[in-house]
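In what follows, a single structure is set out as structure tokens and then discussed.
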Amino acid sequence: MNIEIQTTAKSRLPEVDFDNLRFGHVFSDHMLVADYADGEWKSCKIVPFAPLTFSPAMATLHYGQSIFEGLKAYKSEQGEILVFRPYDNYKRMLRSAERMCMPPIPEEIFMEGLRELLKLDKDWIPQREGYSLYIRPFMFATDEFIGVRPSNTYKFIIFTCPVSKYYIEPVKVKIETHYTRAVAGGTGYAKAAGNYAASLYPARLAQQQGYHQLIWTDGKTHEYIEEAGTMNIMFRKDNRIITAPLSDSILAGITRDSVLTLAREWGYEVEERPVPVKEIIGYLEEGSLSAAFGVGTAATIAHIVTIGYEGKDYQLPPLEGRVFANRVLKTLDDIKYGRVEDTHGWIWKPEA
Ligand code: COI
């Protein structure tokens, strides 16, 4: 498909204060917009980043038929654009689309669109340690119709934002045993907008109690750990890296997969299995848990310092001693910024 490109008359880049970048507030000059109607993808354009206009009856606004992805581009010391595992995001987006009755996005639109967009907005990729260009592909229903059925028309958009850290400090999390993020048979494995909407109220209650985020438990018994808001969660106990297994209520994190791959290569025992809350609390009570950390694209590796459960806060060991989490963070950064050889085929170079 031909990608029509309209460039901005004036870049907003000189206005950006890179020293005070907050996650998700600053958007690059251009965005990719593709439209679906009559059973096919009709057009694909790159245009200046700008507000959209739509009908108040647009289906997404009412029933939430909307999905998204999150991935990052980095700039190497040599000034090359490096994107971390974009094809995995593409494949996950197809799975989300299927679950939400949305059409598949052609690989050409996703990958070639991303290539053109990144080449055009290359200067927006920060060349600083800890910084990257966050890429947000998303698709939503655009029918002007308020009956409940899958839309016949959709927009697929990719915009990008220069970012630094998502969590600016180590995180305090609370194990949630009342509210539920996802249930068996539900949409938890899809990156569906509604999953995030549903998480806001319980997360706000936790924030009012001084936590940054929740650790979600299974919707049926609340006895097993699933994932944390905005990231998957892992625990280190002795030589073991423990995390919940993928299921239809857990997001198949790409960082999750990368961390487990490295852990296996480094000789850790990786346990992807149901993780009872009681087991983790037992380790915390005896002081034998070496670390807990969130893993995600936006969050990268987020050290957890406190876990709250049933009114009690458990403190975790100091960050300096967390050998695995620190090593995996550094190794992934070295790969993402092109400082070491990419032996896993995780890096995609749009200019190559
Ligand atoms: C990501 O890590 O890319 C996410 O989608 C999490 C989030 C910012 C909602």
Exercise. Pop a pseudo-label 7 angstrom from the Cα along the beta-carbon direction at both Asp238 and Tyr63 and give the gap in nm to one decimal.
Key: 5.2
Practice problem: Determine, for Trp266, Trp124, the number of other Cβ atoms within 10 Å of each Cβ, and report the residues in order from fewest to most. | Solution: Trp266, Trp124
Quiz item: Placing +1 at every Lys and Arg Cβ and -1 at every Asp and Glu Cβ, with all other atoms neutral, what dipole size does region 4-164 have around its Cα centre, in debye to the nearest 20?
Solution: 320
Self-check item: Spacing of the two label points (7 Å from each Cα toward its C-beta) at Phe145 and Thr7, in nm
Solution: 4.1
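Test of understanding: what is the full-extension gain from His25 to Lys91, defined as 0.36 nm times their sequence separation minus their Cα-Cα distance?
Fully extending the segment from His25 to Lys91 adds 21.1 nm.
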Quiz item: Assigning unit charges at the beta carbon (Lys, Arg +1; Asp, Glu -1) and nothing else, what dipole magnitude in debye, to the nearest 20, does region 171-336 show about its Cα centre?
Solution: 340
Practice problem: Taking the dipole about the Cα centre of the chain, with the C-beta of Lys and Arg at +1 and of Asp and Glu at -1, give me whichever of Gly282, Leu251, Leu329 is farthest to the positive side. | Solution: Gly282
Quiz item: How far is helix 193-208 tilted off the main Cα axis of the chain, in degrees rounded to 10, range 0 to 90?
Solution: 40
Exercise. Please compute P(r) over all alpha-carbon pairs of region 158-238, binned at 5 Å starting from zero, and give each bin as a whole-number percent.
Key: 3, 13, 23, 24, 19, 11, 6, 2, 0
Exercise. Note the angle between two axes, namely the Cα long axis of helix 254-265 and the longest principal axis of the Cα atoms of the chain, as a number of degrees from 0 to 90, rounded to the nearest 10.
Key: 50
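For region 105-160, compute Rh as the Kirkwood radius over C-alpha pairs and then the Stokes-Einstein diffusion coefficient at 25 °C and 0.890 mPa s; write the answer in µm²/s, rounded to an integer.
For these conditions, the coefficient is 182 µm²/s.
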Quiz item: For region 273-320, treating each Cα as an identical point scatterer without solvent, what Debye log10 I(q)/I(0) comes out at q = 0.15, 0.27 1/Å?
Solution: -0.43, -1.11
Quiz prompt | Rounded FRET efficiency, nearest 0.05, which uses the C-beta distance separating Leu205 from Ser55 and R0 of 35 Å | solution = 0.50
Exercise. Over the Cα atoms of the chain, compute the convex hull volume and normalise it per residue, giving Å³.
Key: 143
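What net charge is computed for the residues neighbouring Ala203, neighbours being all others with C-beta under 14 Å from the C-beta of Ala203, Lys and Arg scored +1, Asp and Glu -1?
Counting the neighbours of Ala203, the net charge comes to +2.
Can you run the Rg to Rh ratio on region 292-352? Use alpha carbon positions and the Kirkwood inverse-distance Rh.
Result for region 292-352 is an Rg/Rh of 1.14.
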Quiz item: If we count other beta carbons within 10 Å of each Cβ, what is the order of Thr243, Thr160, fewest first?
Solution: Thr243, Thr160
Quiz item: Roughly how many Å is it from the Cα centre of region 274-340 to that of region 12-87, as a whole number?
Solution: 31
Self-check item: All Cα pairs of region 171-336, percent lying beyond 27 Å
Solution: 18
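Can you give the net charge of the other residues whose Cβ lies under 10 Å from the Cβ of Asp257, counting K and R as +1 and D and E as -1?
+1
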Self-check item: For region 103-197, convex hull volume per residue from C-alpha positions, Å³
Solution: 167
Quiz item: How do Thr53, Thr230 line up, fewest other C-beta atoms within 10 Å first?
Solution: Thr53, Thr230
Exercise. Using every Cα-Cα pair within region 4-164, state what percent have a distance larger than 25 Å.
Key: 32
Quiz item: So which of Lys155/Lys330; Lys119/Lys172; Lys119/Lys165; Lys220/Lys330 end up more than 31 Å apart by C-alpha?
Solution: Lys155/Lys330; Lys119/Lys172; Lys220/Lys330
Practice problem: Would you look at the GNM of the chain, springs on alpha carbons closer than 10 Å, and say which of Arg115, Arg128, Arg92 moves the most? | Solution: Arg128
Quiz prompt | Projected label distance in nm at Glu98 and Leu319, using a 7 Å step from Cα toward the beta-carbon | solution = 4.0
Exercise. Taking the chain as the reference, fit the longest principal axis to its C-alpha atoms, fit the long axis of helix 277-286 to the helix C-alpha atoms, and give the angle between the two in degrees, 0 to 90, nearest 10.
Key: 50
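Only the coordinates and a few stated rules stand behind these numbers; no lab work does. Here the structure is a predicted model, which means the values were calculated and not measured. Ideal geometry is used to build each Cβ from the backbone, glycine not excepted, and the neighbour counts take in all protein chains shown.
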